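The values are calculated or read from the model by the stated rules, or taken from the named source; none is laboratory data. Model, not experiment: these values are computed from the prediction. No Cβ is skipped: glycine too gets one built from the backbone with ideal geometry, and neighbour counts run over all protein chains shown.
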């Protein structure tokens, strides 16, 4: 067998570089391309293909979940592994429901675990899901059939990718300090982002952010 060909889709160039260096140092794995948007991921797959795609969720132009759906439809032999900062079970369940073979949450896995995950999905294995995601996954058809599910996603469209990441972490109950640590940013920067996203979403508190995240999914 030849090397496992991997494509990296993430709008953070530092993350892409770190993943590329880690994977290319592993005998049997080769990074064949990378992109910063879901659209670039789709375009690459149409022209070149890959065995495994590491997919971020929040990216500009086309998000990772929409890109996953298109790639699974047009090139089902490619195995998609989601790498994300969010632990929101609904978001992760949507990724799995759309066709991703598994997910890893940043700060919750080691380099060895990432390499193992790449080998596993390349060989056709699906990664184990957390109980919360498995529960949400069982309800996904109900969520997908609701018109207000799409309306909720549209409501969040004004957010930048960074604001979207912060919104997810707020909705997960993270403090400003925890969000700053997770995203490797200054706490003051997080506060500025929160002020802007609150204004865009017309909300005033973390409580309202959590209600916005969950309100259309109950």
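Candidates 32, 52, 14: the one that is within 19 Å of residue 162 (Cα to Cα) and either modelled with pLDDT of 95 or more or surrounded by fewer than 18 Cβ atoms within 10 Å (Cβ to Cβ) (or both) is 14. Only one of the numbered conditions (1) modelled with pLDDT under 85; (2) under 22 Å from residue 76 (Cα atoms); (3) surrounded by 14 or more Cβ atoms within 10 Å (Cβ to Cβ) is violated by residue 120, and that is (1).
Considering segment 38-49, and only residues there that are touching a helix residue (DSSP H, G or I) at 6+ places or on another chain (Cβ under 8 Å) and within 23 Å of residue 165 (Cβ to Cβ), the residue that is surrounded by the fewest Cβ atoms within 10 Å (Cβ to Cβ) turns out to be 39.
Report whether or not residue 28 is in the same structural domain as residue 105 (by TED's automatic domain parsing) and on the phi > 0 side of the Ramachandran plot. So residue 28 fits the description; yes.
Annotation: of all residues in segment 55-67 being within 10 Å of the chain's Cα centre (by Cα) and without any contact (Cβ under 8 Å) to a residue 40 or more places away in the chain, the one that is surrounded by the most Cβ atoms within 10 Å (Cβ to Cβ) is 57. Filtering segment 178-190 to residues that are in contact with a helix residue (DSSP H, G or I) (Cβ under 7 Å, 6 or more places away or on another chain), modelled with pLDDT of 90 or more and not in a loop (DSSP other than H, G, I, E, B) leaves 187, 190.
Being surrounded by 15 or more Cβ atoms within 10 Å (Cβ to Cβ), at pLDDT below 90, at negative phi and part of a loop (DSSP other than H, G, I, E, B) is a property that holds for residue 203.
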